[in-house]
1. If I take all pairs of Cα atoms in the range 72-113, what percentage of them are more than 15 Å from each other?
2. Could you give the accessible area per residue of the chain, probe 1.4 Å, as a whole number in Å²?
3. Given the DSSP H assignment, sum -39500 (n - 2.57) over each helix run of at least 4 residues in the chain and divide by its residue total; what's the result at 222 nm in deg cm²/dmol, nearest 500?
4. How far, in degrees from 0 to 90, does helix 57-73 lean away from the longest principal axis of the Cα atoms of the chain, to the nearest 10?
5. Please report the carbon-and-sulfur percent of the accessible area for the range 4-104; probe 1.4 Å, protein heavy atoms only, DNA, RNA and ligands left out.
6. Along the charge dipole of the chain, which of Tyr96, Ala47, Gly75 sits closest to the positive end, that is, farthest toward it, with unit charges on the beta carbon of Lys, Arg, Asp and Glu (+1, +1, -1, -1)?
7. How far is it, in nm, from the label point at Leu49 to the one at Arg82 when both lie 7 Å from their Cα along the line to the Cβ?
8. Comparing Leu102, Leu59, Leu39, which has the greatest mean-square fluctuation in the GNM of the chain with Cα pairs linked when under 10 Å apart?
Amino acid sequence: MTTLFEKIIAREIPADIVYEDDQVIAFNDIEPQAPVHVLVVPKKPIATLNDLTDEDAALLGRLPITAAQIAKQLGIAEEGYRVLMNCGDNAGQTVYHIHMHLLGGRPLLLPLA
Ligand code: AMP
């Protein structure tokens, strides 16, 4: 089944895209949990972290590298930010196409809810 993020990549539904290259796209989260909340998404549709293979190592590495570049562009790199990936129901994953959340612009203290 085509995921929501594949539809964004294909421009079938709109998104506020902040970065794109041949492997990765990044756009603002529609329900931001912080002043900066960007989703960094590989264009390859991989459902969850459990579905990764060694073949995906380089692609996965692009996600934090891209997140850090975006954090610098948005001026939050020095003050700090959080990146996270949810896997499965207990983590609250809602879109089954792996993605990295980039959150920042305010203190993000633990514990998580
Ligand atoms: P997760 O819960 O880790 O699967 O994250 C999915 C994220 O996608 C959530 O933070 C949603 O707010 C976000 N989201 C859902 N639909 C859209 C959309 N159309 N555009 C941007 N972000 C979206």
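The values are calculated or read from the model by the stated rules, or taken from the named source; none is laboratory data. As the structure is a computational prediction, the values presented were derived from the model and not from experiment. Don't worry about glycine lacking a Cβ; one is built from the backbone with ideal geometry, like all the others, and counts go over all protein chains shown. Note: areas computed on protein heavy atoms with side chains; ligands, DNA, RNA excluded. Shrake-Rupley method; radii C 1.70, N 1.55, O 1.52, S 1.80 Å.
1. When every Cα pair of the range 72-113 is considered, 52 percent fall beyond 15 Å.
2. 60
3. That calculation yields -6000 deg cm²/dmol at 222 nm.
4. Around 40 degrees separate the two axes.
5. In the range 4-104, the share of accessible area belonging to carbon and sulfur is 51 percent.
6. Gly75
7. 1.4
8. Result for the chain, Cα springs under 10 Å: Leu59 fluctuates most.
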